[in-house]
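Dumping the structure here so I can ask a few things about it.
The values are calculated or read from the model by the stated rules, or taken from the named source; none is laboratory data. Quick caveat, the model's predicted, so the values are computed rather than measured. All Cβ positions, even for glycine, are placed from backbone atoms using ideal geometry, and neighbour counts span all protein chains on display. The accessibility values were calculated without ligands, DNA or RNA, using every heavy atom of the protein model including side chains. Shrake-Rupley method; radii C 1.70, N 1.55, O 1.52, S 1.80 Å.
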Amino acid sequence: MSEVKVKKETNLMDPAEVENRIKDLCQQFPQGITDQVIQNDLPHLDPQQRAMAINKLLSLGQLDLLRNSSGLLYRLKDGQSSRWVKMKGSDNQEKLVYQVIEDAGNKGIWSREIRYKSNLPLTEINKILKNLESKKLIKAVKSVAASKKKVYMLYNVQPDRSVTGGAWYNDQDFESEFVEVLNQQCFKFLQGKAEAAKDSKHSPMVQRNGSFASSHEVWKYISELGISKVELSMEDIETILNTLIFDGKVEMTVIAAKEGTVGSVDGQLKLYRGVNAVIQPTGLIRTPCGLCPVFDDCHEGGEISPSTCVYMSEWLDF
């Protein structure tokens, strides 16, 4: 008698629904669940899809992978558990929208993209967003890229610099005066460094080398001045130093650095020093276009355009 093979029936489910169900199981069993628990709860789920859902939750940092005598355990991470308690009682649509927003990370996602990814009506999405905001599970953040555009992200997530504009923006307004003060102070520090090196009794080459300062030194000086209400990073200071380079007031050089040198990246260290212009710049260079770092991307009708350039308007008014 020939052996009869029974083909086990498997189904493909919506990935977000599978992930939410695994989180629900982890909430029911706070000590952790095994792969067998998931199989028992979703017996017809395709094994490959189950593995993909678990791997995604692990990669997003939503699950902890533990080991005990019975094998591997999956458990909700600290913070995820309390958040999922608030989601308890929510329908699948609300959980789906939450999952979409969570996947967007710190760059956020706007309602039209949520609509596209969830296939839900916009009226239903707006209702869900308000409900999630009232539970303090998500928040709306204004984007500097568009004044009327709001993106949504998890409540405890720090927005990306591309959304808030970083240290140079306050409530979507560019802090031009603050940037100018930083420009002046950074240049003052480098000038002082150069003058101190010049007054030394060393050879010209030693004097020149002594006039350079790393971005970390400039950052430390600005931090100690206490002129900034927000915490500035090394990247912020290097942005200011780059504007001074474009203005012809500072020059930069890159040297090899030992591993662990403060301010070095991939074995390289950027050094800056203040310089005095040998000759006055030409008329073209004095215009905003002369030293504009996005000159090649500027064209009428584009995101960067001469007719909307604030620097050109200020220069013409002057």
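Within the stretch 252-266, can one find any residue that is in contact with a strand residue (DSSP E or B) (Cβ under 7 Å, 6 or more places away or on another chain), modelled with pLDDT of 85 or more, surrounded by 15 or more Cβ atoms within 10 Å (Cβ to Cβ) and part of a helix (DSSP H, G or I)?
no
Out of the residues in the stretch 277-318 meeting the condition of being modelled with pLDDT under 75 and outside any loop (DSSP other than H, G, I, E, B), tell me which one is least open to solvent (accessible area, probe 1.4 Å).
Gly290
Condition first: open to solvent by 60 Å² or more (accessible area, probe 1.4 Å), modelled with pLDDT of 85 or more and small (Gly, Ala, Ser). Now tell me which residues in the stretch 95-145 satisfy that.
The answer is Ser134, and nothing else.
Moving to a separate point now. Within the stretch 90-111, work out how many residues are part of a helix (DSSP H, G or I) and within 21 Å of the chain's Cα centre (by Cα).
11
While we're on this one: Being in contact (Cβ under 8 Å) with a residue 60 or more places away in the chain, farther than 21 Å from Asn276 by Cβ and open to solvent by less than 60 Å² (accessible area, probe 1.4 Å) is the filter here, so list the residues in the stretch 195-231 that pass it.
Ser228
Right, Lys188: basic (Lys, Arg), over 23 Å from the mean Cα position of the chain (by Cα), modelled with pLDDT of 90 or more and open to solvent by 30 Å² or more (accessible area, probe 1.4 Å) or not?
yes
Does the stretch 62-80 hold any residues that are at pLDDT below 75 and hydroxyl-bearing (Ser, Thr, Tyr), and which are they?
Answer for the stretch 62-80, where residues must be at pLDDT below 75 and hydroxyl-bearing (Ser, Thr, Tyr): Ser69, Ser70.
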